[in-house]
Amino acid sequence: MRIIMMAPWLPKLSETFVYREVFGLRESGIEVLPASVHHPGTDWNGLQLRALAEETIQVYGKGTMAMLLDAVKEAARHPVISAATLKTAVQDALKAEDVSTRKGRFKILWQGLGGLALAGRSRGHRPEHIHAHMAHVPTTIAMYAAMQLGIGFSFTGHAADIFRDRSLLKQKLERAGFVRCISYWHREFYKGIVDRSDAEYPVVRCGVDTAETGDAQKGHDGSELIIGVGRLVPKKGFDLLLRALQVLQSSGRDCRCRIIGDGPERANLESLAASLGLQDVVTFEGSMDNTDILEMLPQADIFALPCRLDATGDKDGIPVVLMEAMAAGICCVSGDLPTIRELITSGENGWLVPPEDINALAETLELMLKDPRNRQSLAGRGRRRILEEFSLEINVQRLKTALLTQQSV
C-alpha cells in the first residue's frame, strides 16, 4: 500500500510520534510519502530526519505563488473533478458550523486550493490513501486532495486541533474512511458529533519507541531532581509546578527542577520563578532535541507535567513525553484529565492530581520524593504499561491494520 502521511510540519522536533510512525510504517511494508503544510526546515542533525525533510512534499512551504500555480495546473489538467472539489470547499466554507469568522471561512477556500496543489504534486507517486495528523489545517488539505485524487483519507485528532482550532470537524468525521482515535475518550468525543462504529473509530495510540528508553539509572548527586518537558503554554501547567516547588521549599524539602521546552509563556514563567525565590532551584533549559531529552530523563527522580484545561478550552490528549518518561522507568505525576487516566492509574503506575490544586501537587511530589522504594515501584509498573499498550511497534501495527482494512473496502 502507498500512502501520504501529512502533518503541519514533517518532520518536527516536538512531534517525534509523527516521523517515528512514518519510519515504522515503512519498516512494516507500507510505502509512505511524507507531506507537510509548512516548510519542515533544514536544521536536522540526524541523516534520517534530514533525508525525510528533503523528500517531503510541501504545500505552503514553497511559497504562495508556487502553490497557486500548481493548483491552477491541476485544475487545468483535471477540470471536472477540480470544479467538484472547489465547489465542495466553497459549500464547506459557507456552511461550517465551527468556523465563525470571515477570515476562517476564507482559509477553508485557501486550503481547498492547497488540496489541489498537493494532489498535483503527488499524482506521479500514485498514492492510494492520505492520512493526516492534526484535525484542522492538515486534514482539511488532505480531505480536498483525497477528493481530487479519488482516494480515501483518514486523520488523527489530538488536542488544540479539535478544541480551540476546530474547523469542519463534523464534515471530516462524516467523510473520512476512518478516524484514528488516540484514546477511548477521543472515540466517545467523536461519536458525540458523528456516531459511527468502533471499527471506523479505531483506537491507535501515539506510540513511543521503547527501544530508545530503558529503566532509569540516576545520573546525579545531591538533592532530588524533578524534570518537566513540554511546550511552555498554559495547558501544560508549569506555573502550577513552580508554585508547588515553592511550597516544597518553604517546608524544607531540598530538590531541584529542570524545565525543558520553549513557548510563549517562557518569560512569564521565568519571572514567576524569580518572584517565588526559585532562581537556584529551577533551570529553564529551552528547547532540546528529542535524543538529548531521552538522555537527560534518566537523571530525574520524578517527571512532572500538571496538565490542565486552559482559559481557551484547550487541553492535552495523552502527552507523548509522559509516555517517554514512563518508558524510561521514571515515576510520573500529571494532571487528572480524562485522556491521561488511560495512561496513568493514580497510585498504581504514577500519580494524578486535580488540575489547579497546587497543594495537592506539592503533597504528591513530597510523598514521592521521601519514599524512593514506592517511587521505583510505581515507575516499574508505569514502564510495563507503556510496553503493553503504548509502544510504537504495537501501535504501528494497529495503524497498518486500519489502513489495510480501509484499502479492502
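The values are calculated or read from the model by the stated rules, or taken from the named source; none is laboratory data. A quick note: this is a predicted structure, and the numbers were derived from the prediction, not measured. Heads up, the Cβs are rebuilt from the backbone with ideal geometry, glycines too, and the neighbour counts pull from every protein chain shown. Heavy atoms of the whole protein, side chains included, go into the accessibility calculation; ligands, DNA and RNA do not. Shrake-Rupley method; radii C 1.70, N 1.55, O 1.52, S 1.80 Å.
Overview of results
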quantity	calculated
Subset of segment 297-318 [more than 21 Å from Leu392 (Cα to Cα) and assigned to a helix (DSSP H, G or I)]	Gln299
Identity of the residue in segment 96-135, closer than 19 Å to Glu21 by Cβ and open to solvent by 10 Å² or more (accessible area, probe 1.4 Å), that ends up nearest to the chain's Cα centre (by Cα)	Met134
When residues of segment 24-48 are limited to those that are open to solvent by less than 30 Å² (accessible area, probe 1.4 Å) and part of a helix (DSSP H, G or I), the one nearest to Gly261 (Cα to Cα)	Gly24
Single residue of segment 49-77 satisfying the filter (touching a Ser or Thr at 6+ places or on another chain (Cβ under 9 Å) and part of a loop (DSSP other than H, G, I, E, B)) that is most open to solvent (accessible area, probe 1.4 Å)	Tyr60
Residue list for segment 232-260, restricted to those being modelled with pLDDT under 95 and either open to solvent by less than 10 Å² (accessible area, probe 1.4 Å) or not polar (S, T, N, Q) (or both)	Gly252, Arg253, Asp254, Cys255
Selection count where residues are more than 15 Å from Val321 (Cα to Cα), touching a strand residue (DSSP E or B) at 6+ places or on another chain (Cβ under 8 Å) and not in a strand (DSSP E or B), scope segment 279-296	1
Count - residues of segment 146-159 that are free of Cβ contacts under 8 Å to residues at least 60 places away in the same chain and either under 16 Å from Gly114 (Cα atoms) or among the aromatic types (Phe, Trp, Tyr) (or both)	4
Scan of segment 319-363 for residues that are part of a loop (DSSP other than H, G, I, E, B), of a type outside the set (D, E, K, R) and more than 20 Å from Lys235 (Cβ to Cβ), ordered by number	Ala328, Gly329, Ile330, Thr345, Gly347, Asn349
Enumeration of residues in segment 373-391 that are touching a strand residue (DSSP E or B) at 6+ places or on another chain (Cβ under 9 Å) and either touching a residue at least 12 places away in the same chain (Cβ under 8 Å) or surrounded by 15 or more Cβ atoms within 10 Å (Cβ to Cβ) (or both)	Arg375, Gln376, Leu378, Ala379, Arg381, Gly382, Arg385, Ile386, Phe390, Ser391
Scan of segment 136-158 for residues that are within 25 Å of Glu342 (Cα to Cα) and either aromatic (Phe, Trp, Tyr) or open to solvent by less than 10 Å² (accessible area, probe 1.4 Å) (or both), ordered by number	Ser154, Phe155, Thr156, Gly157
